[in-house]
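Below is one structure, written out as C-alpha cells; comments come after it.
The values are calculated or read from the model by the stated rules, or taken from the named source; none is laboratory data. As the structure is a computational prediction, the values presented were derived from the model and not from experiment. Cβ sites come from the backbone with ideal geometry, for glycine too, and all protein chains shown count toward neighbours. Accessible surface areas use protein heavy atoms only, side chains included; no ligands, DNA or RNA. Shrake-Rupley method; radii C 1.70, N 1.55, O 1.52, S 1.80 Å.
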Amino acid sequence: KKKKKKKKKKKIDWLLCFLLLLLLEPQKFRQQDHKISDVTDVERKVQVTYDKDEGVFHGLPKEWEELLNKQFGVSPKHIPCVKLPQYAAKIPKVLVILKEKLIDANGYQQVGIFRLAPDARDNNAVKSSIDSGKFEINGQQADVNVYANLIKVWFRDLPDPLLNCVAPERVEMATKEADVVKIISDFPEPHKSIFLWLCDMCVECAVYENINKMGPKVTLLSLFFNLAIVIGPNLFNTSKFENPMKAMTYSAKVVEFFEKAIKWRQSTH
C-alpha cells in the first residue's frame with residue numbers, strides 16, 4: 001500500500017510541476033523582454049492541403065508554390081513517389097506521370113523519340129508547369145518530344161546524379177553483362193529501383209525500334225540511334241572530372257554500362 005501511495009504521490013507531484021510550468025511560462029518571457037506578450041486574436045488565413053493523387057500541395061502562398069511543388073533538381077527522397085509492384089523502392093511520381101503521358105501520346109512509335117529535341121519554349125513551359133504542380137499547358141497536350149526530353153532532364157538535374165552512387169572505376173571495368181548486374185545489385189535504394197525503372201522504360205521503347213529507330217544498340221546495318229547514347233550521359237556528373245578527355249572516356253563507358261543494363265533487363269522480361 002505504501003508503494004502505491006508513493007507512486008500516486010509522484011504522479012501528483014509531476015502534474016503539479018507541469019501545471020506550474022504552464023502558469024509561469026508567460027511570466028518568464030516577460031522578465032526576459034517586456035515587449036513580448038501573450039498571443040491573442042489568432043486567425044487562420046491560409047489552409048494548405050496535400051493531394052496524394054496529384055502529388056502536390058494546394059493552398060500555398062504563391063512564393064512557396066515553386067519551392068514545395070518543385071520536381072526537378074530535387075532529391076527523389078524529397079518529392080512525391082509512388083509504389084510500383086516490380087520495384088523495391090518508390091518511384092518519383094513525376095517520372096511515372098511523364099511516362100504515362102509519353103505512352104498516351106504514342107511516344108514509343110515516334111521516330112527519334114528521346115533523341116529529337118523539342119521546342120525550347122514548350123519544354124521550359126511544361127517544366128515550369130510541373131514544378132508548380134500542374135502537367136498541362138492551357139489544357140492542351142504537349143509535343144511528345146517534350147515528355148521524353150523532360151525524363152532525361154529530370155535525371156540530368158538531380159543534385160546527386162544516379163550513377164554517383166558507384167565508383168567510376170567499377171563502371172569502367174564492367175566489361176561483361178554479369179559485371180553490370182553485380183554492380184546494380186549493390187546500388188543503394190532508391191537509386192537501384194529508379195535505375196531499373198529507367199532500364200525497363202528503354203526496354204519498352206526498344207520493342208518498337210523498327211518504327212522509332214531507337215534500339216538498345218547502334219549497328220552499322222540498321223543505323224538505329226542508341227537509347228543508351230542519348231540517355232546514358234544524363235546519369236553522371238561530368239564536372240567531377242578535371243580532365244575533359246577523362247570525362248569523355250568515362251561517358252563512353254557509362255553508355256556501354258547502360259546498354260548492358262538495358263539488354264539484361266530485356267532478357268528478364
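Every test in (1) surrounded by fewer than 17 Cβ atoms within 10 Å (Cβ to Cβ); (2) among the aliphatic types (A, V, I, L, M); (3) within 26 Å of the chain's Cα centre (by Cα) is passed by residue 227 save one, and that test is (1). A residue that is open to solvent by less than 70 Å² (accessible area, probe 1.4 Å), in a strand (DSSP E or B) and either modelled with pLDDT of 70 or more or β-branched (Val, Ile, Thr) (or both) cannot be found anywhere in segment 59-71.
Does residue 233 meet the test of being closer than 25 Å to residue 149 by Cβ, surrounded by 13 or more Cβ atoms within 10 Å (Cβ to Cβ) and modelled with pLDDT under 95? Yes. Suppose the filter is at positive phi, surrounded by fewer than 16 Cβ atoms within 10 Å (Cβ to Cβ) and either of a type in the set (Asp, Glu) or at pLDDT 95 or above (or both); does residue 41 pass it? So residue 41 fits the description; yes.
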